[in-house]
């Protein structure tokens, strides 16, 4: 009993540690990466004994120190309790969502089988959406507590955008849920290890020559779903091109204009934690999660027949490494997207969410349903 | 395994607190929120019974109560907005036009 | 007192405190936040009562959407003046509700906690079983609920429209 609790605690600590660290590193990648994209040098002034480490010292040591030691300023007419509570409400869902994302298959230590996922819920993906809907509160309360018109405007825009894209996000995942017939994220990741020919029934055998060697990753089964989900998730986390609620050139800083110091750091870290979470979700749902193509629990089983057996620890390490590489790729993709695409106008954002993505998601669900029923 | 009584007593207490809210608060929005509190107390009762009788009907009932509560909250808030536009106040004491 | 009962008492205590905060706090936004807390605590109680699907729906729908709607309306209407409490009415209402509570509590304590409730499989309360009930036995109420939601949407849109010639708020 105690050992079970200890194992869960270790997993939770590891995941939290990884997410927070990655959020910090992503801050550096964003600053240095954006500098490279924009053909400038970026932050490189802070240095320890002359070692500036390509801006690492600046972003990872000097900036957090600066944030944490700044004066905590609450606007005079603002709501003191809510002003302090809002950043916590923004950071909490971003960190907690990663609990259901599996970062590996199973780790067998002696006779103990450890599922490499912090919480194995049978409602898996719904938990993610529930935490996503809680994320709206940080924005709404933060905007309200600042007693500032620009802040309120940014907050109202932001929350309206978030609740609109929650709908699109949920519907775009429906196709995946129908394809793998489960809500549990670990099951979805496991099901993506099969080759498509094992997942599809025999009636669609005419696709065999093409599908005989592709693993049944979500992106091959639901390409439209992947595009819709990725767009909706980027809009949900209010990254550019959907960052009108924090529009720097229009609303000063939107809903976090009155926040400085540690509270702003919490908003900031929350946003990067959400980037990591979105990357984790996209890899788990659409890109096989921790799956390496053709890697089963005991080794590689290539479709042309050859088998390459591997010890268990090597398999686990390969799977965790694959997961990490995929998550890093999608984090990098979101950062690249931020510095390449201009910002949407607010009515364009709303129109995209309701008039374009919702019908497309419904169409996706309908077509998936027709294919599943026709293939039986 | 927590006994059923505890859940029922808890939901009775929350229900009574909701009734207090409806009776004494002079702000329409808080009255609506107290009604939601009462609905949630009843939901808790349903779920507790569903578990103790092993029947899914309780959980289905909660599902429908949630749907109805959503519809009711939406309409209630729309009415509150209309009333506010007319009389610029949210105090139910000021809406006594039909009183004789 | 085992761990489950201890956790229940903690949750119950917090829930009662949150409900009292909903009713007795002066500022409406604080009441709304207290209600969100109460809803989240109730969702945790649901999950502990083997209703994970309903619990997570409670968070998604109730705490995540309905309460956001409440907060929007509060922010738009911005009720400024705090209301004047009237001691006599408050006292009477608290006494009446205390009577209601005192009536309900002994009534509900009569339930004999069956020592072995109907053994529920691990699937009880899971999405599968809930979906089978919803689309099997209760499909008619399900469809009626969807019509109800449609009616509510239409009603809210109509009620929220601004009349011609009124100096509408917000």
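The values are calculated or read from the model by the stated rules, or taken from the named source; none is laboratory data. Only a predicted model underlies this, so the values are computations on that prediction, with no experimental measurement involved. Cβ sites come from the backbone with ideal geometry, for glycine too, and all protein chains shown count toward neighbours.
Observations on the model:
- All positions within the stretch B:1-13 that are free of Cβ contacts under 8 Å to residues at least 40 places away in the same chain, farther than 11 Å from residue C:100 by Cα, within 7 Å of chain C (Cβ to nearest Cβ) and assigned to a helix (DSSP H, G or I): B:5, B:6, B:9, B:10
- Verdict on residue A:135 being assigned to a helix (DSSP H, G or I), within 25 Å of residue C:131 (Cα to Cα) and within 18 Å of the chain's Cα centre (by Cα): no
- Scanning the stretch C:10-39 for residues being more than 8 Å from every other protein chain (Cβ to nearest Cβ) and free of Cβ contacts under 8 Å to residues at least 40 places away in the same chain gives a total of 11.
- Qualifying residues in the stretch B:44-66 (those that are more than 7 Å from chain C (Cβ to nearest Cβ) and either closer than 24 Å to residue C:99 by Cβ or assigned to a loop (DSSP other than H, G, I, E, B) (or both)) - the one modelled with the lowest pLDDT: B:55
- Residue A:80 satisfies every condition listed in (1) surrounded by 13 or more Cβ atoms within 10 Å (Cβ to Cβ); (2) under 19 Å from residue C:71 (Cα atoms) except (1).
- Residues in the stretch A:99-118 that are at pLDDT below 85 and part of a loop (DSSP other than H, G, I, E, B) were compared, and the one that is nearest to residue A:187 (Cα to Cα) is A:105.
- Here residue B:93 clears all of (1) within 24 Å of residue C:51 (Cβ to Cβ); (2) touching a residue at least 12 places away in the same chain (Cβ under 8 Å) except the condition numbered (1).
- If the condition is being part of a loop (DSSP other than H, G, I, E, B), modelled with pLDDT of 70 or more and surrounded by fewer than 17 Cβ atoms within 10 Å (Cβ to Cβ), then the stretch C:111-135 contributes only C:123.
- If you go through the stretch B:67-83 and keep only what is in contact (Cβ under 8 Å) with a residue 40 or more places away in the chain and at the interface with chain C (Cβ under 8 Å from one of its Cβ atoms), you end up with B:73, B:77, B:80.
- Residues of the stretch A:307-317 satisfying the condition of being assigned to a loop (DSSP other than H, G, I, E, B) and either modelled with pLDDT under 80 or surrounded by 13 or more Cβ atoms within 10 Å (Cβ to Cβ) (or both): A:310
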